[in-house]
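Here the structure is laid out as structure tokens; the discussion comes afterwards.
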Amino acid sequence: MSERVIFDDLEIGEIAMELDDHDPIEVIAWALRTFGDRVAVVTALQAEGMAILDMAVSLRPDVRVITVDTGRLPSATYDFIDHVRERYAQARFEIIFPDHREVEQLVQRHGLNLFRRSVPLRLLCCQVRKVRPLVRALAGLDAWITGLRREQWASRANIRKVELDHDHDGIVKVNPLADWTKEEVWAYLEENDVPVHPLYAQGYTSIGCDPCTRPIGPGEEDRAGRWWWEQGAPKECGIHCPIETGGFEHEAHAILGQSATE
């Protein structure tokens, strides 16, 4: 295993300023060069994640790729995962899963569709099925590359292209598309013949678990199709919410109280 690479806030702040006006592929190149095997592209294979994956593979065909199977993804997503793995055959895909004991305990206590009953229970479901598995995967990394963009949602408006992820033990979080628009993402996908999730053609604009995702209607924001029955709640699962902007991951930890396996 390669030697760990660790930065402090001052160092990463200087790097973030230096890379702020760089193209995404240059930011990805910096991450791959800096962290070697201790960095991975983390993606749910949505449009932004596919753009990031395509760029990373062009630089390093055997790049590490992590995606979470919550156990409740749409059937089309499972088919698409297979298609993407065939397209980028040299990439090292790691499909990670929630702890089956935690899922069993969650369902026994709260039911299969607990997320419909309250925001805290929805956050709890996300925590067990998505956040905790990713936390375990990130524990072996020094950095992760995401497809976050500032214009996606209010909680993402201040992200930098490179930042310390204090919610995940201070590893580096790389957001190469931070300043890109949705139009730029889709232009890249089209120009480079990148595979696109088939649910986009059905009106989906943000694709997560099957029961928590729907197509959007005319005039709705892109993330309106996530948890649409909630009123005034953040359109976040807890993976990408740092402490400074609400700490929903930590809120879900508090909701859990004791370990779901106890």
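The values are calculated or read from the model by the stated rules, or taken from the named source; none is laboratory data. Predicted, not measured: the structure shown is a model, and the values here were computed from it. When we count neighbours, we look across all protein chains shown, and the Cβ atoms used for this are built from the backbone with ideal geometry, even at glycine. Just the protein is used for accessible areas: all its heavy atoms, side chains included, with ligands, DNA and RNA removed. Shrake-Rupley method; radii C 1.70, N 1.55, O 1.52, S 1.80 Å.
For residues in region 167-182 being within 22 Å of ALA137 (Cβ to Cβ) and either of a type in the set (Asp, Glu) or touching a His at 6+ places or on another chain (Cβ under 8 Å) (or both), which is surrounded by the fewest Cβ atoms within 10 Å (Cβ to Cβ)? Filtering first and then ranking leaves ASP169.
Within region 183-196, being part of a loop (DSSP other than H, G, I, E, B) and either surrounded by fewer than 16 Cβ atoms within 10 Å (Cβ to Cβ) or modelled with pLDDT under 95 (or both) holds for ASN192, ASP193.
From the residues in region 129-139 that are of a type in the set (Lys, Arg) and touching a residue at least 40 places away in the same chain (Cβ under 8 Å), which one is most open to solvent (accessible area, probe 1.4 Å)? Restricting to residues being of a type in the set (Lys, Arg) and touching a residue at least 40 places away in the same chain (Cβ under 8 Å), the top hit is ARG136.
The residue that is farthest from PRO61 (Cα to Cα), counting only those in region 1-12 that are open to solvent by less than 80 Å² (accessible area, probe 1.4 Å) and part of a loop (DSSP other than H, G, I, E, B), is ASP8. All of LEU164, LEU199 fail the test of being open to solvent by less than 30 Å² (accessible area, probe 1.4 Å), of a type outside the set (Asp, Glu), in a strand (DSSP E or B) and out of contact with any Leu (no Cβ under 7 Å at 6 or more places or on another chain), apart from LEU164. Within region 13-36, which residues are among the acidic types (Asp, Glu) and open to solvent by less than 70 Å² (accessible area, probe 1.4 Å)? Passing the criteria: only ASP20. Checking each residue in region 97-128 for being under 30 Å from PRO61 (Cβ atoms) and open to solvent by less than 30 Å² (accessible area, probe 1.4 Å) picks out only PRO98. If SER58 passes every condition in (1) farther than 27 Å from LEU199 by Cβ; (2) open to solvent by 60 Å² or more (accessible area, probe 1.4 Å) but one, which one does it miss? The single condition SER58 does not satisfy is (1). Residues of region 183-206 that are under 26 Å from ALA137 (Cα atoms) and under 16 Å from the mean Cα position of the chain (by Cα): HIS197, SER206.
Residues of region 65-94 that are of a type outside the set (S, T, N, Q), closer than 29 Å to ALA233 by Cα and in contact (Cβ under 8 Å) with a residue 12 or more places away in the chain: ILE66, VAL68, ASP69, GLY71, ARG72, LEU73, PRO74, ALA76. Considering region 38-55, the residues that are open to solvent by 20 Å² or more (accessible area, probe 1.4 Å) and assigned to a loop (DSSP other than H, G, I, E, B) include one that is farthest from LYS182 (Cα to Cα), namely ALA44. In a residue-by-residue description of region 78-98, the property of being outside any helix (DSSP H, G or I) and of a type in the set (Asp, Glu) applies to at least one position. Scanning region 170-177 for residues that are assigned to a helix (DSSP H, G or I) and of a type outside the set (Lys, Arg) turns up nothing.
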